[in-house]
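First up is the structure itself, then whatever we jot down about it.
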Amino acid sequence: MSRNTTKTNYKHLWKSGLPALLVLILIFVLSGPVAFGGTGAIQHQEQAAVLQQLQLFQGSTQGFDLDKVFTRAQGSVMLLRLLGWEDEALKAGVKTNFSDVQASHWAASSIAYANSKGLVKGVSGTRFAPNETMNGAQFITLSLRALGYTAAEPGKALEWCGISGLLADGEAAELIGQKVFLRDDMVAIAYKALSTKMYNSDKTLLQKLVEEDGSVSKAAALASGLYKEQPAAAVSNDPMDQIEAALRQALKP
């Protein structure tokens, strides 16, 4: 049905004497699904389930809440999960200096720890605004920092996406340009980050979380399909090769 035909039908319905409320309901139904944010209907339910399987994402009693806005507090928590530092933050006991983040706040330890590491900042010297919405450029930047791109900043998020390979230019531009950034959009970025190589490394973020940090179980990573176990290197019987391997192991930092 063309847009012009639809408009004509709406006028016909109105003139036919149908009650105004019924006409409005028909218009709503014929117009199709309501768009969320800038990307339309929720698109990343399956990716959210994978992140949950890896214990990197949690929903609520209502589900994943992918149609809800993504907040600054949630961004701090997701950053630490992608870094493999959430448990470390809980144990560190760092206190927040922000007046609007009380010790009882559910994300207080994550906000305080991420701030102490220089990974997140407040909206001022005394306020963090934990419930304010995070935008696409800001979460892309946090994901880039989890990948080791510590110099990344929101103002150059598109440029850093190109450097890191985190998102294609079109994807990044769309997310950065959205007026409303949803949990669904965050899931899309975090999921992509897991398969992106770390800065100056051949390992992906998920490989690092499994093999170096131990914050994601190997079994869960394998089940996700995003992780492939690397075959063990063949052991050489040549004495010189064994000496070289021993020296390399001894010289590791």
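We did not get these values from a lab; they are worked out from the coordinates using the rules stated. If you're wondering where the values come from, they're calculated on a predicted model, not measured in any experiment. Every residue, glycine among them, receives a Cβ derived from its backbone with ideal geometry; neighbour counts consider all protein chains shown.
Residues Thr61, Thr96, Thr133 in ascending order of nearby Cβ atoms (within 10 Å, fewest first): Thr61, Thr133, Thr96.
Applying a DSSP loop filter and a limit of 14 other Cβ atoms within 10 Å to the chymotrypsin sites (Phe, Trp or Tyr not before Pro) in region 64-135 leaves Trp106. The Cα atoms of region 96-240 define a convex hull whose projected area, averaged across directions, is 12.1 nm². Whole-Hz Karplus values for region 90-96 come out as 5, 6, 5, x, 5, 8, 7 Hz, taken residue by residue from phi with 6.51 cos²θ - 1.76 cosθ + 1.60 and θ = phi - 60°; glycine and proline positions read x.
When each of Val120, Val187 is scored by the number of other beta-carbon atoms lying within 10 Å, the sequence from fewest to most is Val120, Val187. In plain terms, the chain from Gln62 to Gln45 could stretch by 4.8 nm, reckoned as 0.36 nm per residue minus the Cα-Cα distance.
Sequence-ordered 3J(HN,Hα) estimates for region 141-151 from the Karplus curve with 6.51, -1.76 and 1.60 and θ = phi - 60° stand at 4, 4, 5, 5, 5, 5, 7, x, 8, 5, 8 Hz, glycine and proline given as x. Working note: Karplus 6.51/-1.76/1.60 with θ = phi - 60° gives region 167-176 the couplings 9, 5, 3, x, 4, 5, 4, 5, 5, 5 Hz, where Gly and Pro are set to x. When the pairs Lys156/Lys197; Lys121/Lys208; Lys95/Lys117; Lys192/Lys218 are compared against a 22 Å limit on Cα-Cα distance, Lys121/Lys208 fall above it. In plain terms, the chain from Glu244 to Glu153 could stretch by 28.6 nm, reckoned as 0.36 nm per residue minus the Cα-Cα distance.
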